[in-house]
1. Quick test of your reading of the structure: I182 fulfils all but one of (1) surrounded by fewer than 18 Cβ atoms within 10 Å (Cβ to Cβ); (2) under 13 Å from A123 (Cα atoms). Name the failing condition by number.
2. Sort out which residues of region 20-56 are over 20 Å from E78 (Cα atoms) and touching a Phe, Trp or Tyr at 6+ places or on another chain (Cβ under 8 Å), and write them in order of number.
3. Taking into account only those residues within region 1-33 that are among the charged types (D, E, K, R) and touching a residue at least 12 places away in the same chain (Cβ under 8 Å), which is least open to solvent (accessible area, probe 1.4 Å)?
4. Name the residues in region 103-127 that are surrounded by fewer than 16 Cβ atoms within 10 Å (Cβ to Cβ), at pLDDT below 90 and more than 30 Å from Y90 (Cα to Cα), would you?
5. Name every residue in region 52-69 that is open to solvent by less than 50 Å² (accessible area, probe 1.4 Å) and either outside any helix (DSSP H, G or I) or out of contact with any Leu (no Cβ under 9 Å at 6 or more places or on another chain) (or both), in order of residue number.
6. What are the residues in region 146-179 that are surrounded by fewer than 16 Cβ atoms within 10 Å (Cβ to Cβ) and either in contact with an Asp or Glu (Cβ under 6 Å, 6 or more places away or on another chain) or hydrophobic (A, V, I, L, M, F, W, C) (or both), if any?
7. Among the residues of region 29-42, what is the count of those that are over 15 Å from the mean Cα position of the chain (by Cα) and among the acidic types (D, E)?
8. Of the residues that make up region 155-168, is at least one among the basic types (K, R) and either more than 19 Å from N15 (Cα to Cα) or free of Cβ contacts under 8 Å to residues at least 40 places away in the same chain (or both)?
Amino acid sequence: MSKKIVILNGSPRGNGNTSTLVKAFTEGAESAGNTVTGFFLDDMDINGCKGCFGGRSRRDCPCVQKDDMSRIYPAVRECDVIVMATPLYYWNMSGQLRTAIDRLFALEEGDENLLRGHDRSCALLMAAEGYGFEDVTLYFDHLMEHLRWKNLGHVLAGGNMDAGDIKGKPEIQAAYDLGKSIQ
């Protein structure tokens, strides 16, 4: 049975190394019959969470803020798999991705928790100049525990400074294989 996959791409570069991993993952996932919906967060208007606890999960746009998260909420509600894709910035995810993740909290508020559990899975795709992935993978793993999502694992591609440095590296095939494995 095909799965609905949402990719949150937190890279600021549409043709960068993280986006190359996203493309490979998408090709693998679609070759397995899955439906992929991608969001390139850098092109979207997404404000930071206000911590107001004013969200109501059952509303069309559960957050009190009206911005481009209103496009992401319905896709996340309906998906089976979420892929978080990001470059490594100061041993963490990009601000673009972290902001979107924080705003997903509105799906946990109010009426019913529509984020936690619900038989979802998640994977992490990362490209970086260096190789210091430990802090961000620890955060990701803890997030998976909190949300009660199945952790599909990580594809971590270090040693990629300039756009295109990832070409020919085994992590591209690993991202494709991870996408293809989702069934």
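1. If we test I182 against (1) surrounded by fewer than 18 Cβ atoms within 10 Å (Cβ to Cβ); (2) under 13 Å from A123 (Cα atoms), just (1) comes out false.
2. A24, E27, G28, C49
3. Step one: of region 1-33, the residues among the charged types (D, E, K, R) are 3-4, 13, 23, 27, 30.
This time we only want the ones that are touching a residue at least 12 places away in the same chain (Cβ under 8 Å), so: 3-4, 13, 27, 30.
Values: K3: 63, K4: 104, R13: 103, E27: 90, E30: 97 Å².
Selected residue: K3.
4. Answer for region 103-127, where residues must be surrounded by fewer than 16 Cβ atoms within 10 Å (Cβ to Cβ), at pLDDT below 90 and more than 30 Å from Y90 (Cα to Cα): D111, E112, N113, H118.
5. Across region 52-69, the qualifying residues are G54, G55, S57, C61, P62, C63, Q65, D67, D68.
6. The one that is surrounded by fewer than 16 Cβ atoms within 10 Å (Cβ to Cβ) and either in contact with an Asp or Glu (Cβ under 6 Å, 6 or more places away or on another chain) or hydrophobic (A, V, I, L, M, F, W, C) (or both): M161.
7. 1
8. No, region 155-168 contains no residue that is among the basic types (K, R) and either more than 19 Å from N15 (Cα to Cα) or free of Cβ contacts under 8 Å to residues at least 40 places away in the same chain (or both).
The values are calculated or read from the model by the stated rules, or taken from the named source; none is laboratory data. Remember, it's a predicted structure, so these values are computed and weren't measured experimentally. Virtual Cβ from ideal backbone geometry, glycine too; neighbours counted across all protein chains shown. Remember, those area values only see protein heavy atoms, side chains included, never the ligands or the DNA or RNA. Shrake-Rupley method; radii C 1.70, N 1.55, O 1.52, S 1.80 Å.
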